[in-house]
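The values are calculated or read from the model by the stated rules, or taken from the named source; none is laboratory data. Since this is a predicted model, take the numbers as computed values, not measurements. Cβ placement follows ideal geometry from the backbone for every residue including glycine, while neighbour counts extend to all protein chains displayed. All accessible areas refer to the heavy atoms of the entire protein, side chains included, with ligands and DNA or RNA removed. Shrake-Rupley method; radii C 1.70, N 1.55, O 1.52, S 1.80 Å.
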Amino acid sequence: MARAPSHQTIRRLTYFAAIAEAGSIRGAAERLGLSVPVVSTALSELEAELGVTLALRSTRSFTLTAAGEAVMEAARDTLAAAGRAMALAAGSGKAPLTGRLALTLPSEMAAHWLPPLLARFRAEAPDVALEIDANDGRVPLASSRFDMAIRVEGPLHGDIAGGTVLKTALVASTPFEPQRRAEGFTLDIPLIAPRYVGAVLSPRENDAPVALRFREIIETNSFVVARRMALAGLGAALLLEPSVRDDIAQGALLRLCPALEFGVVRASVVMRDALPSPAARRFAALVEAG
């Protein structure tokens, strides 16, 4: 009789699925909010447990073996089945959601994106104790007290499939007057770019490409810091749109090229556990629904 998979096996399968989807151990580690050695060790442990080589990896390439492809399909089925079971339990209506939900996310999102979502979750799950951590660092979930994290990804041009989309704005302190030339706008100032997003911009105006070039890029790990730097006149800043509406209305910040659409940032949910709690799964469903 086959031995039932342990909790550690499910965890390793979850990491393996992330590795296969990302195409590399490093990419999976970034998605999971873990260190590369932790993810690499989980893959080696899974191979030892199953007695097969799942992937051929080197410093330059990563390729699933035939056994790895088969295990990947099984891992998808296993995790999907677990997800369906948790969803049925959460949506059965037989028992209210209870327990504790601890969430970490960037401070600017906590201030401007989270409150409406939290209000909807609170209406559905008033008995769940909430802990919200507004943190502009990247918390390693595996060794933390948090059930989930909201990660923000770029780049900021083109369509990004999946996830929740957040509109952004390019703003600067007033007065500000960019030079307009035939080939586009020339902004001879620094661009303040929060570390969570890319600084490659490809905006459009009336379906015609507009070039935005910057003398230099100042990187910060906080949308809050970026806004304050823009208010201080240190350059143009790329910010979440809700975070600048009041500043623009009050004349403190100018939205550069308001007719342009600068694209989106993707917000994705990263779970600490392979089998998260019903409360965590319900909150993640609200995030994915937008």
*For ARG228, state whether it is over 21 Å from the mean Cα position of the chain (by Cα) and assigned to a helix (DSSP H, G or I).*
yes
*asked:* I'm trying to understand the selection: among the residues of the stretch 213-263, which are open to solvent by less than 40 Å² (accessible area, probe 1.4 Å) and in contact with an Asp or Glu (Cβ under 8 Å, 6 or more places away or on another chain)?
replied: SER222, PHE223, VAL224, LEU239, LEU240, SER243, LEU253, CYS257, LEU260
*Out of the stretch 62-71, which residues are within 25 Å of the chain's Cα centre (by Cα) and exposed (fewer than 14 other Cβ atoms within 10 Å of the Cβ)?*
none
*asked:* Take GLY51 and tell me if it is open to solvent by less than 30 Å² (accessible area, probe 1.4 Å) and either closer than 18 Å to GLU73 by Cβ or not aliphatic (A, V, I, L, M) (or both).
replied: no
*the stretch 141-153 - residue that is surrounded by 14 or more Cβ atoms within 10 Å (Cβ to Cβ) and charged (D, E, K, R) and, of those, modelled with the highest pLDDT*: ASP147
_Residue count for the stretch 142-152, restricted to those that are in contact with a helix residue (DSSP H, G or I) (Cβ under 7 Å, 6 or more places away or on another chain) and within 10 Å of LEU32 (Cβ to Cβ)_ = 2
*Please work out which residue is nearest to LYS167 (Cα to Cα), limiting yourself to the stretch 95-140 and to residues that are among the acidic types (Asp, Glu) and modelled with pLDDT of 85 or more.*
ASP133
*Yes or no: ALA172 of a type outside the set (Phe, Trp, Tyr) and at pLDDT 80 or above?*
yes
_Just checking, does the stretch 38-59 include any residue being at pLDDT below 85 and either at positive phi or of a type in the set (Ser, Thr, Tyr) (or both)?_
yes
*asked:* Within the stretch 265-282, take every residue that is within 18 Å of the chain's Cα centre (by Cα) and open to solvent by 30 Å² or more (accessible area, probe 1.4 Å) and give me the one that is modelled with the lowest pLDDT.
replied: ARG266
_Pull out all pairs, ordered by first then second residue, where Cβ-Cβ is under 7 Å, the residues are six or more apart or on different chains, the first lies in the stretch 59-77 and is farther than 17 Å from ALA48 by Cβ and β-branched (Val, Ile, Thr), and the second is surrounded by 19 or more Cβ atoms within 10 Å (Cβ to Cβ) and modelled with pLDDT of 85 or more._
THR63/ALA55
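Here's the yes/no breakdown for (1) within 29 Å of ALA110 (Cα to Cα); (2) in contact with a helix residue (DSSP H, G or I) (Cβ under 8 Å, 6 or more places away or on another chain); (3) at pLDDT 65 or above; (4) not small (Gly, Ala, Ser):
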| residue | (1), (2), (3), (4) |
| --- | --- |
| GLU183 | no, no, no, yes |
| ASP188 | no, no, yes, yes |
| ALA199 | yes, no, no, no |
| ASN206 | no, no, no, yes |
| ILE218 | yes, yes, yes, yes |
| ALA226 | yes, no, yes, no |
| MET229 | yes, no, yes, yes |
| ALA232 | yes, no, yes, no |
